[in-house]
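Every number in this text was worked out from the coordinates using simple rules, so none of it is lab data. Keep in mind that this is a model prediction, so the values were computed, not measured. Cβ placement follows ideal geometry from the backbone for every residue including glycine, while neighbour counts extend to all protein chains displayed.
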Amino acid sequence: MKTLLVTGATAGFGEAIARRSIRDGHRVIATGRRLERLEELAAELGPNLLPRRLDMMDTAAIAAFVPSLPEGWREIDVLVNNAGLALGLGPAWEADLSDWDRMIATNVTGLAHMTRAVLPQMVARNDGLIVNLGSVAANYAYGGGHVYGGTKAFVRQFTQNLRSDLAGYNVRATDIEPGMADGSEFSLVRFGGDKAKAAAVYEGTQSLTPEDIAETVAWLVSLPPHVNINHLELMPTCQAGGGFAVKRR
Ligand code: NDP
Ligand code: 8X3
């Protein structure tokens, strides 16, 4: 039995990862801002899920988080840095700067601070796994992707740089880079709660599901300590790289 700390477990990938991990016999510290959802999850899944409110934009709360956990829950075997968001899909020059700030605060600063909070104990024990939720948006440019793609490029390179520091330790780090995935609140959040706009993103596709991502995390968790998956890009079979944008006169 391992103890996983899953950020952003109130919806989508994080919730599916929490559910799958409990089913696989692990314990999960499930975090997010919507505590009531986490408490519902705990009521459903039992005492192996510990619900905790944590805002990933609050760096002081992140620093205080692990020490605040109950006795017996402070040793984290697997950190899943999943909490994250995209806001907006318009051109960069029309973007709301506060949207950019929130994406950077959550996807970059929050993820880095959480990693820094948990790494020392993993290194001291010479055991641990960090799974970061990157995105294909780190690898392929698309209109309106600007800061979101930039934050995920940070996640990718941060993960690989962690690998350099961790070489020789049994502390592993993986960047998962999913393509389009339905069944989460990702597009609903991106489009400010516009359900029709969010649904249109996935119309006529068989996109990835949160359960596909949970399956991937379960596989990473099951690997022996000498195997590190550096990064793993996955897309639904209906999606592929697009090509360059060319504006002709
Ligand atoms: P959801 O919107 O369904 O879930 C996002 C989760 O992140 C929620 O639990 C939310 O919790 C949490 N979160 C957001 N902001 C904060 C914050 N400030 N503090 C704490 N938690 C926060 O999206 P997905 O499940 O789809 O996304 C999960 C991750 O996967 C993200 O990092 C996303 O960028 C990435 N991803 C998603 C893809 C997709 O197409 N769905 C594809 C590739 C990557 P709460 O609001 O309760 O705080
Ligand atoms: C989510 C995938 O293509 O919407 O990271 O950026 S995409």
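A full extension of the chain between Arg53 and Arg33 corresponds to an added length of 6.7 nm, given 0.36 nm per residue minus the alpha carbon distance. Annotation: amide H-H contacts under 5 Å for Val80 (H modelled 1.01 Å from N, sequence separation of 5 or more, or interchain): Leu5, Val6, Thr7, Val131. Our compactness index for the chain, the C-alpha radius of gyration over the empirical 2.2 N^0.38 Å, is 0.99. The calculated FRET efficiency for Val246 paired with Gln160, based on their beta-carbon distance and R0 = 22 Å, is about 0.10. Compared with the dominant principal axis of the Cα atoms in the chain, helix 59-68 is inclined by about 30°. To the nearest ten degrees, helix 210-222 and the longest principal axis of the Cα atoms of the chain are 40 degrees apart. Taking the convex hull of the alpha carbon positions in segment 1-143 and averaging its projected area over all directions gives 9.3 nm². With the cut-off at 1.5 for a/c, could you classify segment 1-40 from its C-alpha gyration tensor as rounded, prolate or oblate? Verdict is prolate for segment 1-40.
Summarising the label geometry, the points placed 7 Å from Cα in the beta-carbon direction at Ala200 and Tyr169 lie 4.7 nm from one another. Adding -39500 (n - 2.57) for every DSSP H run of four residues or longer, then dividing by how many residues the chain holds, sets the calculated 222 nm ellipticity at -12500 deg cm²/dmol.
Which of the aspartates and glutamates could be linked to Lys2 by a straight reach, that is with a Cα gap under 14 Å, when you skip same-chain ones fewer than 8 residues away? Straight-distance partners of Lys2: Asp24, Glu75, Asp77, Asp127. Legend: calculated FRET efficiency, Leu232 to Arg102, from the Cβ-Cβ distance at R0 = 25 Å, rounded to 0.05, equals 0.40. Sort segment 101-143 into rounded, prolate or oblate with this rule: let a ≥ b ≥ c be the square roots of the eigenvalues of the Cα gyration tensor; rounded if a/c is under 1.5, and if a/c is not under 1.5, prolate when a/b is larger than b/c, oblate otherwise. Since a/c reaches 1.5 but b/c is at least a/b, the shape of segment 101-143 is classed as oblate. Compared with the dominant Cα axis of the chain, that is its longest principal axis, helix 146-166 is turned about 30°.
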